[in-house]
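Before any comments, here is the structure.
The values are calculated or read from the model by the stated rules, or taken from the named source; none is laboratory data. All figures in this text were calculated on a predicted structure; none of them were measured in a lab. Don't worry about glycine lacking a Cβ; one is built from the backbone with ideal geometry, like all the others, and counts go over all protein chains shown. The accessibility values were calculated without ligands, DNA or RNA, using every heavy atom of the protein model including side chains. Shrake-Rupley method; radii C 1.70, N 1.55, O 1.52, S 1.80 Å.
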Amino acid sequence: MRKKLNQLGYLGWIIGVSALILFGCSSLRHELFQSTAFDLGIFDQAVYLISQGQPPITSFMGFHILGDHAAWIFYPLALLYKIYPSVYWLFVVQAAALALGALPAWHLAHQAGLKENQAIAIAFVYLLYPLVFNANLFDFHAEVIALPLLLAAVLAARLGQIGWFCLSILLVLGCKAVLSLTVAAMGVWLILFEKRRLYGAIAICAGIGWFIIATQVIIPFFSGAEAAAVGRYSYLGNSVLGIAKNIVFQPGLILGKVFSLDNLGYLVLLLAPVIWGLSLQGIKPLVGAIPCLALNILADYQPQKDLLHQYSIPAMPFLLLAIISSLAAGKGWIQNKRAIILWSLVAFLSLAKFTHFGGRYLESIDTWQATKQAIAQIQTKGSVYTTAEISPHLSNRKLITYTNADSSPADLNVFNYVLLNVRHPGFSSNQEFAANLVNQLKTNQEFQLKYQRDDVYLFVKVA
C-alpha cells in the first residue's frame, strides 16, 4: 500500500509537470500570434459574454454558441472569467484536463491487475501520445475535457460507483454533441463485454437521447441550420438524419471513401504509438472508438485524418483501455516498462509538433513587437476588425470579426478599431487585400491612424 502511495505521489509530479509544459506551450503559441479566430476566438468570446451576463452570440459565426456543438460546458467555464476575463483560463483548463487523464489511466491499469511498473508506464503512454501535445497546441476545444472524464466513467463503472459514472457521462455530453455517439458506443461495450448492464444502459440512453436533442432541437434552434459538420459528409446527404439513413440503406456510397490511402495513412498514424500493445485478446474496448473512427474515416475533411487536430480525442481512451486489456492478458509485443516508455518517447519525438516553435510559429516574429504595441492601444471594449490571428487577443468584447479576402467587404463604419498587419495579413486574407484596406481607411474621414510600425496599422474611429 505504501509503495502504491509513493507511486501515486510520483505520478502527481508527472501530471503537474506535464500540465505546466502543456500550458506553457499553448500560451507561447498564442503569444506568437499563431492562434486564430476559428476556434480560440469563438470560444473565448462566448465564455466572456456569458461571464458578463450577455447572450453568447459570437460575432465570428453570427449565432449563439449552443448552435455550434450544443456544448453547455462553456457556462460553468464562464465562472473562471468572473474572477478575471482572460483567454488563458481556457489554456489552463485544457492543459489540466489533458494532463489529468493520466490519473484514471493509471488507476485503470491497477484495477486491471497490471504490475506497478506497467501501470506507471501506461501513464507515460498516455502523456506521450502525440495527439495530447498536438491537440493542446490547436487553440482550445472543449472535447479535451471529455478525455479524462471518459476514462473516469469506465473506472467508475468497474468500481460500481454509479454516481460518479453518471456525473462523468453528463459532463462528457456537455462538451460536444457528437460525443454522445461515443458515450452510446461505450454503453454497448459495457453491456456486451464488461457485463455492466445498468451502466451500459445509462450510457446508451443518455448518448442516443442527447444526440437527438442536440442535433434536432438545440443546434437548429440556436443556429438556424443543421450541425456545421454535416457539410463534411455532403456525399451522404444534407442533414444528420439523411446521412444516417443513407449509411444504413445505401452502404455502397461509403465504400469509395473508406478504402483510400488517406484513411490508411490516418490509421497508421493513430495506431503507431500504441501498436506494440494491441492484441486480439484486448481489442474489445475499441468498440467505444468506433463512432469517432467512423466519423473521421467517412469525412471529406483532411484535418479529421491526422494527429494535429482534436478530432481523434474520443478514440484515445479506448485505445488505452485496449492496451491495458492486452497487458492484463499477458499479450502485446512489449511488456517491459522501459521499453514501453522508450517506444512512446520515439513516437512523441516523431509525431508531436514541438518543432513548430523553431520554425512555423516564428513566421511573423518580425512584426511581433509592433502588433503587441498596437493591441495595447485598444483600451476599450469597442468593436474591432482585425486579422484572424490577432482576433483571439481581442475577443473579450461583443463585436469583433476578422478580415477575409474571399467574403464581401465589411462595413467599416460599424467598427471602433481596425487593426491590420499588411506584412502578415493572416490565413484568410492577403497582402493586396490588407493594403487596399489601409489605403481606404487613410482616406476615410471617420477614421484616424493612431499607430503605424513595421506594416502594422491601427485605425481608430473618430468620436
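Data for the structure
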{"item": "Test: residue in segment 216-226 that is among the small types (Gly, Ala, Ser), assigned to a helix (DSSP H, G or I), over 30 Å from Leu127 (Cα atoms) and open to solvent by 50 Å² or more (accessible area, probe 1.4 Å)", "result": "no"}
{"item": "Residue in segment 43-61 that is in contact (Cβ under 8 Å) with a residue 40 or more places away in the chain and under 27 Å from Leu108 (Cβ atoms) present", "result": "no"}
{"item": "Among the candidates Asn396, Asn444, residue that is over 29 Å from the mean Cα position of the chain (by Cα) and either under 20 Å from Leu49 (Cα atoms) or surrounded by 15 or more Cβ atoms within 10 Å (Cβ to Cβ) (or both)", "result": "Asn444"}
{"item": "Odd one out for Lys372, checked against (1) modelled with pLDDT of 95 or more; (2) touching a helix residue (DSSP H, G or I) at 6+ places or on another chain (Cβ under 7 Å)", "result": "(2)"}
{"item": "Any helices (runs of 4 or more DSSP H) falling wholly within segment 80-191 and containing at least 2 residues that are over 29 Å from Ile204 (Cβ atoms)", "result": "88-100, 116-128, 130-137"}
{"item": "Boolean, Tyr402 is in contact (Cβ under 8 Å) with a residue 40 or more places away in the chain and either crowded, with 17+ Cβ neighbours inside 10 Å or touching a Pro at 6+ places or on another chain (Cβ under 9 Å) (or both)", "result": "yes"}
{"item": "Odd one out for Ala46, checked against (1) over 18 Å from His393 (Cβ atoms); (2) buried (at least 18 other Cβ atoms within 10 Å of the Cβ)", "result": "(1)"}
{"item": "Answer from Ala315, Ala328 - the residue that is out of contact with any Gly (no Cβ under 7 Å at 6 or more places or on another chain), modelled with pLDDT of 95 or more and among the small types (Gly, Ala, Ser)", "result": "Ala315"}
{"item": "Filter result (closer than 30 Å to Leu345 by Cα, more than 23 Å from the chain's Cα centre (by Cα) and assigned to a helix (DSSP H, G or I)) within segment 229-263", "result": "Leu261"}
{"item": "Selection count, segment 383-407, where residues are hydrophobic (A, V, I, L, M, F, W, C), over 11 Å from Thr58 (Cβ atoms) and not in a loop (DSSP other than H, G, I, E, B)", "result": "1"}
{"item": "Filter pass, Tyr311 being part of a helix (DSSP H, G or I), free of Cβ contacts under 8 Å to residues at least 24 places away in the same chain and surrounded by 18 or more Cβ atoms within 10 Å (Cβ to Cβ)", "result": "yes"}
{"item": "Scope segment 369-390; condition free of Cβ contacts under 8 Å to residues at least 60 places away in the same chain, surrounded by 23 or more Cβ atoms within 10 Å (Cβ to Cβ) and of a type in the set (Val, Ile, Thr); matching residues", "result": "Val384, Thr386, Thr387"}
